[in-house]
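So the structure is just underneath, and the comments pick up after that.
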Amino acid sequence: MTEVFRKKKRYFILLFLAGGFIIYTAFLVVPILHSMFYSLFGGPGIVPKEFVGFQNYIQLFTQNPFKERFFGAFGNTIKFFLIVTFFQNVIGFFIAVLVTRRFVGSTFFRRIAFLPTTLSVLVAGFLFTLILNPIWGIFDKFLEVIGLGFLVRPWLGTPSIALVVIAIVTSWQYLGTSIIFYTAGIDAIDSEVLEAAKIDGAGLLAEVRYIIFPSILPIVGIVTILIFIGDFTQFDIVYAMASPYASPRYGTDLFGSLFYRAAFFPIGRGGWGMGMGATVATIIFFIVTIGVLLLLYAFRMKGIGRKKE
Amino acid sequence: MIKFKNGTVRTLLYVILIIYSMSIFYPIFLMIITSLKENREIFTRPYSLPQSFNLDSYIRLFKISNYLIYFRNSIIITLTSLLIILALSSLISYVLAKYRFTGSRFLYFYFIAGLIIPIKLGTIGIIRIMLGLHIFDTLAALIIVYTAMGIPFGVFILTDFIRLIPEELSNSARIDGCSEPIIFFRIILPLIRPALAAVAIINFIPIWNDFWFPLLLIRTDNVKTIPLATALLYGQYETNFGLIFSVLTAASLPVIIFYLIMSRQFIKGLSSGALKG
């Protein structure tokens with residue numbers, strides 16, 4: 001009797017797990033492993049047939065144009081990530097502290113903050129490309145009106161500036177996510193603790209420093225990890241504001257756009273063949289995994305350290 | 001520390017927040033009003049409100065493209081993949097939260113690992129699998145990919161949520177003679193509705209706005225989604241400002257309106273996601 005019952009139980013467990021397990025494994029896990037496997041193959045044709053060992057990796061790190069493009073995109077991605085992280089964490093935190101004060105209209109501001117995130121990255125990218133377009137000149141004229149006309153320059157035409165501009169547009173779009181995450185964290189702080197601090201005469205700065213910041217540190221970690229994963233595979237914003245060729249002169253090339261060209265463009269137009277494309281994907285995968293583990297470690301350590309103090 | 005008078009601080013707070021909201025509203029506002037202007041007016045009076053509500057560029061947009069079909073495709077793909085994500089991840093979560101068996105912990109981490117795996121990096125393999133299954137260039141291809149993409153987060157949120165449901169509820173149902181699957185459908189499912197809503201809302205935006213997979217998996221015009229159509233139309237009519245702005249507005253207005261109606265649920269869903277982590 002018990003035997004039959006157990007068997008039945010097992011059977012239903014398998015049934016419940018099967019659908020999700022198959023789809024998740026076949027379309028997320030296997031494709032990643034597939035890329036690792038194909039990174040060891042080379043040769044002409046769409047499907048690489050010739051086993052070449054680690055030759056793709058060696059080429060990627062030592063031979064131009066692979067080396068130049070790869071490290072160029074790596075450096076840009078890091079810069080892009082740092083700028084976006086700065087804006088989203090610092091300004092996001094600042095605004096979250098403001099909107100969690102008690103005042104008329106605080107819910108309104110919270111709701112508005114998330115609005116840009118609902119747009120597609122493409123729409124935001126195209127929209128700001130048009131706003132920054134020198135022929136239409138909306139943004140440039142605005143600068144002139146407020147007396148900053150001397151700042152006007154080809155925003156998307158200068159490599160060093162273009163990367164910063166697309167990073168700012170990305171931050172504009174996703175700032176809302178960090179604001180909502182941080183306000184959720186601040187709202188969750190026990191109000192008695194805040195009251196007690198007020199009675200002790202703690203000002204806003206002390207409150208932020210000793211209560212708000214330590215208690216939302218784990219959320220800072222989550223936000224940073226989300227930005228990290230998103231930015232290290234970011235593609236849409238480059239496509240929209242700088243074309244898949246990451247103009248000007250690959251100045252805005254990120255890992256996402258590099259992978260796109262390398263794996264899916266015809267050879268000679270930026271494509272490096274499927275084997276090399278798989279190699280690029282595999283390297284990015286390892287960088288993202290190691291980076292996330294490091295960030296998890298870093299934020300957890302800090303959290304523990306603070307509790308011990 | 002210098003203590004401002006309360007009024008000064010309050011004014012400062014409003015000024016900062018108003019500048020911030022302007023930086024959000026103005027670009028979106030500009031996009032909408034420009035789409036309603038005549039082509040000449042866009043350049044001669046870029047900042048002003050349109051002199052008359054001119055719908056020409058929208059009429060043109062619907063003439064030159066199958067926009068309603070793209071819209072329909074986006075809706076079908078988003079709704080179907082959200083439904084499948086909810087169904088599959090609640091089934092998985094129920095088993096992982098309520099039953100101990102060899103490998104159950106491993107399975108939980110196996111699914112959660114997907115949270116940090118960027119699915120884009122598997123696109124080469126995904127294309128080959130889709131070609132092998134003869135569903136490349138179909139709506140089904142996108143639905144399956146988005147389902148795979150959404151399961152980790154669904155399992156993450158729902159497993160925690162189901163764990164909090166007291167076992168007594170299930171046990172009393174067992175005494176009444178309910179089988180395990182029936183317990184899931186009768187007892188658990190109704191109780192996890194708020195968490196299901198959070199999962200749906202958090203997955204909605206990335207699926208609706210995804211550009212990468214349509215770009216690589218879709219070729220035929222009548223299976224295009226809105227983001228793919230937006231990019232292609234932008235590339236094709238880059239110099240026709242009126243048309244371009246109507247393309248951008250048409251792509252965003254439905255979601256903006258949807259968000260404004262549902263913003264409370266959105267923020268609740270996102271907040272619960274933030275605190276789970």
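Every read-out reported here was derived from the displayed coordinates using simple, explicitly stated rules and does not represent laboratory data. All values reported here derive from a predicted model rather than from experimental measurement. Backbone-built Cβ (ideal geometry, glycine too); neighbour counts: all protein chains shown.
Observations on the structure shown:
- Pairwise centroid distance, computed over Cα atoms, of the range B:37-89 with the range A:96-147, Å: 20 Å
- When the Cα atoms of the protein assembly as shown are aligned to their principal axes, the ranges along those axes come out at 85, 74, 50 Å in descending order.
- With 22 Å as the limit, the listed pairs B:Lys224/B:Lys268; A:Lys79/B:Lys224; B:Lys98/B:Lys268; B:Lys37/B:Lys63; A:Lys79/A:Lys141 have B:Lys224/B:Lys268; A:Lys79/B:Lys224; B:Lys98/B:Lys268; A:Lys79/A:Lys141 beyond it between alpha carbons.
- Convex hull volume of the C-alpha atoms in the range A:147-270, normalised per residue: 135 Å³.
- Taking every alpha-carbon pair under 8 Å whose residues sit at least 6 apart, the range B:68-236 reaches a relative contact order of 40 percent.
- Two-site FRET efficiency, A:Arg300 against B:Leu260, from Cβ-Cβ distance with R₀ of 45 Å, rounded to 0.05: 0.75
- Tilt relative to chain B, helix B:6-35 - C-alpha long axis, 0 to 90 degrees, to 10: 70 degrees
- Stretchable slack from B:Tyr110 to B:Asn222, in nm (0.36 nm times residue separation minus alpha-carbon distance): 36.7 nm
- The three principal axes of the Cα atoms in the range A:30-82 give end-to-end lengths of 38, 28, 18 Å, sorted in falling order.
- Binned Cα-Cα distances of the range B:68-236, short to long, each 5 Å bin given as a whole percent: 1, 8, 16, 17, 17, 13, 10, 8, 5, 3, 1, 0, 0, 0
- For the range B:1-154, the alpha carbon convex hull comes to 278 Å³ per residue, rounded to a whole number.
- Diffusion coefficient (Stokes-Einstein, Kirkwood radius over C-alpha pairs, 4 °C, 1.567 mPa s) for the range B:69-144: 88 µm²/s, rounded to a whole number.
- Between A:Leu33 and A:Leu15, the modelled label-to-label distance comes to 2.7 nm, taking each label 7 Å out from Cα in the direction of the beta carbon.
- Taking Cα centre as origin and charging only the Cβ of basic (Lys, Arg, +1) and acidic (Asp, Glu, -1) residues, the dipole magnitude of the protein assembly as shown rounds to 660 debye.
- Å³ per residue enclosed by the Cα convex hull of chain A: 236 Å³
- Relative contact order of chain A, pairs being alpha-carbon contacts under 8 Å that are 6 or more residues apart, as %: 25 percent
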